[in-house]
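Here is the structure we will look at, set down as structure tokens.
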Amino acid sequence: MQVRLPDGSIRNYDEVVTPGQIAKEISEGLWRNAAGAIVNGQLWDLERPISFDCELKIVKVDEPEAAEIYRHTMSHIMAQAVTRIYGEDKVRLGIGPTIENGFYYDFDIEGVKITEDDLSKIEEEMKKIIKEDYKIERFELPKEEAIEFMKKKGQRYKVELIEEIPDKNVSFYKQGEFVDLCRGPHLPSTGKVKHFKLLSVSGAYWRGNEKNPMLQRIYGTAFSKKEDLDNYLRLLEEARKRDHRKLGPQLELFFINTDVAAGMPIFLPYGMTILKELMNLSRLLHEKYGYKEVGTPLIMNEKLWRQSGHWDHYKNNMYFTEKEEVTYAVKPMNCPGHILIYKNKPVSYKDLPIRLFEFGRVHRYERGGVLHGLLRVRTFTQDDAHIFCREDQVVSEVTNVVKFINELYSVFGFTYRATLSTMPEDHMGDEATWEKATEALKNALEEMKVPYVVAEGEGAFYGPKIDFHVRDVIGREWQCATIQVDFQMPERFEITYKDADGNEKRPVMIHRALYGSIERFFGILIEHYAGAFPTWLAPVQAVILPVSEKYVNFAREVSQVLSKENIRVELDDRNETLGYRIRENQMKKVPYMIIVGEKEKETGRISVRTREGKDLHDIALEDFIRTIKEEISSRSNTLKY
Ligand SMILES: [Zn+2]
Ligand SMILES: [Zn+2]
């Protein structure tokens, strides 16, 4: 049997060998630092035998490929610690996967509710297990025996999981007294783990289904380098301060009533002001880039959705309603509505491209467990458009959309990267057509010099797509815009145009949304700006603070002048000290506070305090108005004062 190493060298073995043996042969140091291996592209335990020809790479603990092995082992160590603390007879284990930057485990613990205060106790026990440095050993059982084994331990969730495994044999991992059902791989011993932290605990339904029992999910993170753990914890702390689910209600932007409208945000006047500004900007740019705005119904007869293919591919995510024995679907997408508009009158090749744009409100069912503030919802508004064009126009149209995206995102100071997603398993249409569409998107990305990666098989069921991921001020990435080329839907709806030669031809349809969901984009902006919106977006742009009751009338005059100039202004004449009111408006992140007292009343000039704490005195009111208006109209990201 031959084992090929990354340097191209080949080693021969008679029967079986483990990656650990090979590592030891190469060097004692490599063996000591090894987390596992990659065998024919698959992660592999260091001590799991190999008996076939393969390509093999030893993965060291501090290499990025080891993170999965490393964090997965952490979740077992956490489960072992929880079992030790609360007792084997009380703890039933759910699942314990790795996630981006960390891991979690779901527990059902009889009579115990874990709180954040318990996390340090669990961490202490985990440190003991790491210090005790148990060997982690893999073994297999035939399925029936595996079920018996877990039944005896009272692990009913594990029994349920094993029953669904199609394989004959099931693998387990053992460390000290603890055994867990697992596909692996794992570190060779618990002592290899160094830097970790438990982060939070929350409820999670077994398998994400509300009808199942609620388990307790503990989240943790782990890194092989202390520096990486520290950086990540700092980022989390920064993100926590910016959490839009906290800032939203606190700044009176929106709230969610989970009792009657889970996943359906309710917008307050301040929040609506920001949404309107985002829509105004969007409308302006759509006009500039040659789109026509339209409006289509929220509910339409189910037959439209059968024709579009949504019925076959998307039904589980749709809402339905019935009246007089007719079933209607609440639209999950705007495309079929725009096709109805296209079909409304005959189209000639000279009319193309036709770009139809709509602020389309859609509803899509999501499981309760995945809902997340404004970021993951059940209803949202897309800045949605469909471009109908000739095949020879696809590249230039997609290029034009990318230009539009550049202009829109630069307003917020966002940079981005793109993902090109190709044909998924569940798809409509033939492969040659898919190939053509994918090529068109690739060409446009290359022409616009957009950095991108290819995500194989991640496309929508009707065509390939480009997703744009914006990077926020603390370096997190968010998926927003998407562009999809679609040859299928024009086919399904049999839409045509009359070409120069007089023949009827099929147009191509491009789906695109740039904010994506306006509500989601709003949520991202709340976190990006930490609630301190630039003046053009700020719900209140200036607040007038009379130093005492004596100056309320003058303050009101100033307020009216600003209001006439279309500046969003409020008067704060509450019977509180000036210091208190300044602090409160700073908390509300109002860009400018205008303070008026005796001197201001006499001279007609004003004193301004910015939310950043800068004090400016003796400013002519007209100058202030001119400056703030310029700041607003240029949609500046920073305050002018
Ligand atoms: Zn595992
Ligand atoms: Zn569409």
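The values are calculated or read from the model by the stated rules, or taken from the named source; none is laboratory data. From a predicted model like this one, the values you see are computed outputs, not experimental measurements. Cβ placement follows ideal geometry from the backbone for every residue including glycine, while neighbour counts extend to all protein chains displayed.
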*Return yes or no: is P6 surrounded by fewer than 15 Cβ atoms within 10 Å (Cβ to Cβ), over 30 Å from E116 (Cα atoms) and not acidic (D, E)?*
yes
*Would you point out which residue out of G295, G290 is in a loop (DSSP other than H, G, I, E, B) and loosely packed, with under 13 Cβ neighbours inside 10 Å?*
G295
*State yes or no: is V398 in the same structural domain as Y314 (by TED's automatic domain parsing), within 16 Å of ligand 2 (Cβ to nearest atom) and under 30 Å from E504 (Cα atoms)?*
yes
*Could you check how many residues of segment 215-232 are surrounded by 14 or more Cβ atoms within 10 Å (Cβ to Cβ) and either farther than 26 Å from E124 by Cα or not polar (S, T, N, Q) (or both)?*
10
*Search segment 478-517 for residues being charged (D, E, K, R) and without any contact (Cβ under 8 Å) to a residue 40 or more places away in the chain, and hand back the single one that is surrounded by the most Cβ atoms within 10 Å (Cβ to Cβ).*
R506
*asked:* I'm checking my understanding of the structure. Among residues of segment 237-288 that are of a type in the set (V, I, T) and without any contact (Cβ under 8 Å) to a residue 40 or more places away in the chain, which one is farthest from G531 (Cα to Cα)?
replied: V260
_Quick check on segment 359-375: of everything there that is assigned to a helix (DSSP H, G or I) and of a type in the set (G, A, S), which residue is modelled with the highest pLDDT?_
G368
*Scan segment 113-148 residue by residue and report those that are farther than 23 Å from T221 by Cα, hydrophobic (A, V, I, L, M, F, W, C) and touching a residue at least 24 places away in the same chain (Cβ under 8 Å).*
F139, L141, A146
*Can you find even one residue in segment 367-381 that is within 16 Å of ligand 2 (Cβ to nearest atom) and either within 17 Å of G263 (Cβ to Cβ) or under 30 Å from the mean Cα position of the chain (by Cα) (or both)?*
yes
*Select from segment 37-62 the residues that are out of contact with any Gly (no Cβ under 7 Å at 6 or more places or on another chain) and charged (D, E, K, R) and write down the one among them that is nearest to ligand 1 (Cβ to nearest atom).*
R48
*Subset of segment 600-612 that is under 18 Å from K640 (Cβ atoms) and touching a residue at least 24 places away in the same chain (Cβ under 8 Å) - its residue that is surrounded by the fewest Cβ atoms within 10 Å (Cβ to Cβ)*: E612
*Working only within segment 356-375, note down all residues that are among the charged types (D, E, K, R) and touching a helix residue (DSSP H, G or I) at 6+ places or on another chain (Cβ under 8 Å).*
E358, R364, E366, R367
*Could you grab me the full set of residues in segment 140-161 that are crowded, with 18+ Cβ neighbours inside 10 Å and farther than 13 Å from L93 by Cα?*
A146, I147, F149
*asked:* Can you tell me which residue is surrounded by the most Cβ atoms within 10 Å (Cβ to Cβ) among those in segment 20-42 that are in contact with a helix residue (DSSP H, G or I) (Cβ under 6 Å, 6 or more places away or on another chain) and in a strand (DSSP E or B)?
replied: G36
*Residue check: is D108 acidic (D, E) and either over 30 Å from V3 (Cα atoms) or in contact with a His (Cβ under 8 Å, 6 or more places away or on another chain) (or both)?*
yes
*Taking the residues in segment 319-346 that are in a helix (DSSP H, G or I) and not hydroxyl-bearing (S, T, Y) as candidates, determine which candidate is nearest to ligand 2 (Cβ to nearest atom).*
C335
*Residues in segment 66-73: is at least one over 15 Å from T221 (Cα atoms) and either in a helix (DSSP H, G or I) or in contact with a strand residue (DSSP E or B) (Cβ under 8 Å, 6 or more places away or on another chain) (or both)?*
no
_Filtered residues of segment 419-451 (kept if surrounded by fewer than 19 Cβ atoms within 10 Å (Cβ to Cβ) and in contact with a Lys or Arg (Cβ under 8 Å, 6 or more places away or on another chain))_ = M448, V450, P451
_Here's a check for you: in segment 162-212, which residue that is acidic (D, E) and surrounded by fewer than 15 Cβ atoms within 10 Å (Cβ to Cβ) is nearest to G368 (Cα to Cα)?_
E210
*Would you say Y86 is more than 16 Å from ligand 2 (Cβ to nearest atom) and surrounded by fewer than 19 Cβ atoms within 10 Å (Cβ to Cβ)?*
yes
*Go through (1) in contact with a helix residue (DSSP H, G or I) (Cβ under 9 Å, 6 or more places away or on another chain); (2) surrounded by 15 or more Cβ atoms within 10 Å (Cβ to Cβ) one by one and return the number of the condition T258 breaks.*
(2)
*Quick one: in segment 305-321, of everything that is at pLDDT 95 or above and out of contact with any Asp or Glu (no Cβ under 8 Å at 6 or more places or on another chain), which residue is surrounded by the fewest Cβ atoms within 10 Å (Cβ to Cβ)?*
T321
_Residue under question is E163, and the condition is that it be more than 15 Å from ligand 1 (Cβ to nearest atom), closer than 30 Å to D230 by Cβ and in contact (Cβ under 8 Å) with a residue 12 or more places away in the chain; does it hold?_
no
*Go through segment 43-65 and give me each residue that's within 30 Å of the chain's Cα centre (by Cα), assigned to a loop (DSSP other than H, G, I, E, B) and surrounded by 19 or more Cβ atoms within 10 Å (Cβ to Cβ).*
V61
*Given the residues L247, L268, L285, L251, which is the only one that is hydrophobic (A, V, I, L, M, F, W, C), surrounded by 14 or more Cβ atoms within 10 Å (Cβ to Cβ) and within 20 Å of the chain's Cα centre (by Cα)?*
L247
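Quick grid of which residues meet (1) among the aliphatic types (A, V, I, L, M); (2) buried (at least 19 other Cβ atoms within 10 Å of the Cβ); (3) touching a Gly at 6+ places or on another chain (Cβ under 7 Å):
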site: A385; (1), (2), (3): yes, yes, no
site: F388; (1), (2), (3): no, yes, no
site: D392; (1), (2), (3): no, no, no
site: S396; (1), (2), (3): no, no, no
site: V401; (1), (2), (3): yes, yes, no
site: I405; (1), (2), (3): yes, yes, no
site: G413; (1), (2), (3): no, no, no
site: R417; (1), (2), (3): no, no, no
*Could you list, in sequence order, all residues of segment 472-517 that are within 16 Å of ligand 2 (Cβ to nearest atom) and outside any strand (DSSP E or B)?*
F487, Q488, M489, P490, E491, R492, F493, I495, P507
*Checking Y328 against (1) at pLDDT below 95; (2) farther than 16 Å from T379 by Cα, which single condition isn't satisfied?*
(1)
*Count, please, the residues in segment 63-97 that happen to be small (G, A, S), closer than 15 Å to K197 by Cα and either without any contact (Cβ under 8 Å) to a residue 40 or more places away in the chain or away from ligand 1 (no atom under 11 Å from the Cβ) (or both).*
2
